[in-house]
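The values are calculated or read from the model by the stated rules, or taken from the named source; none is laboratory data. What you see is a predicted model, and the numbers here were worked out from it, not measured in a lab. Don't worry about glycine lacking a Cβ; one is built from the backbone with ideal geometry, like all the others, and counts go over all protein chains shown. Keep in mind that these areas ignore ligands, DNA and RNA; they rest on the heavy atoms of the full protein, side chains included. Shrake-Rupley method; radii C 1.70, N 1.55, O 1.52, S 1.80 Å.
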Amino acid sequence: MRTRESEEMYLETIFLLKGKKPCVRSIDVVEELGYAKSSVSRGVNLLVKKGYITMDRVSGDIEFTETGRVKARNIYDRHKVLTKALEKIGADSNTAEENACRIEHVISDGLFDIIKKYVGED
């Protein structure tokens with residue numbers, strides 16, 4: 001997995017987990033993604049270094065910085081729009097979901113804007 005894709009997967013996962021529960025910790029990300037604890041620890045630490053999240057040293061609670069929240073929401077929005085577009089052209093929901101998850105990390109902004117207009121999300 002490329003660095004950008006990995007980073008975006010962590011941000012999106014934390015974003016979705018925060019919608020389900022008030023406190024999110026690295027172990028929650030491990031359980032959600034099925035990744036090794038060491039991989040998630042490394043990924044979370046990189047997100048802290050990049051200024052996308054903060055992590056409480058005592059509780060382990062993860063919080064977004066404003067920059068991180070905006071980036072995570074944008075990634076999730078891309079996922080939703082791409083899923084909708086794939087369903088619109090005939091993919092079943094599982095296929096659309098799986099493929100949107102991969103496409104969202106590599107699609108150009110220009111092509112995404114075209115797809116966004118196509119599904120009426122502009």
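Tallying residues that are small (Gly, Ala, Ser), open to solvent by 50 Å² or more (accessible area, probe 1.4 Å) and either modelled with pLDDT of 95 or more or in a helix (DSSP H, G or I) (or both) within segment 67-122 yields 2.
Looking at segment 27-66, which of the residues that are among the polar types (S, T, N, Q) and assigned to a helix (DSSP H, G or I) is surrounded by the fewest Cβ atoms within 10 Å (Cβ to Cβ)? First the steps, then the outcome.
Going through segment 27-66, the residues among the polar types (S, T, N, Q) turn out to be 38-39, 41, 45, 54, 59, 65.
From what is left, the residues that are assigned to a helix (DSSP H, G or I) are 38-39, 41, 45.
Details: SER38: 9, SER39: 15, SER41: 15, ASN45: 13.
Checking each candidate, the answer is SER38.
Would you confirm, using the coordinates I've provided, whether VAL24 is of a type outside the set (Phe, Trp, Tyr), modelled with pLDDT of 95 or more and in a helix (DSSP H, G or I)? So VAL24 fails the test.
Of note, LYS18 satisfies the criterion of being in a helix (DSSP H, G or I), farther than 29 Å from LYS117 by Cβ and within 14 Å of the chain's Cα centre (by Cα). Within segment 63-82, being of a type in the set (S, T, N, Q) and either in contact (Cβ under 8 Å) with a residue 24 or more places away in the chain or touching a Ser or Thr at 6+ places or on another chain (Cβ under 8 Å) (or both) holds for one residue alone: THR65.
Of the set (1) closer than 17 Å to ARG4 by Cα; (2) touching a residue at least 24 places away in the same chain (Cβ under 8 Å); (3) out of contact with any helix residue (DSSP H, G or I) (no Cβ under 9 Å at 6 or more places or on another chain), all apply to TYR52 but (3).
Can GLU8 be described as touching a helix residue (DSSP H, G or I) at 6+ places or on another chain (Cβ under 7 Å), at pLDDT 95 or above, surrounded by 14 or more Cβ atoms within 10 Å (Cβ to Cβ) and closer than 22 Å to ILE107 by Cα? No, not satisfied.
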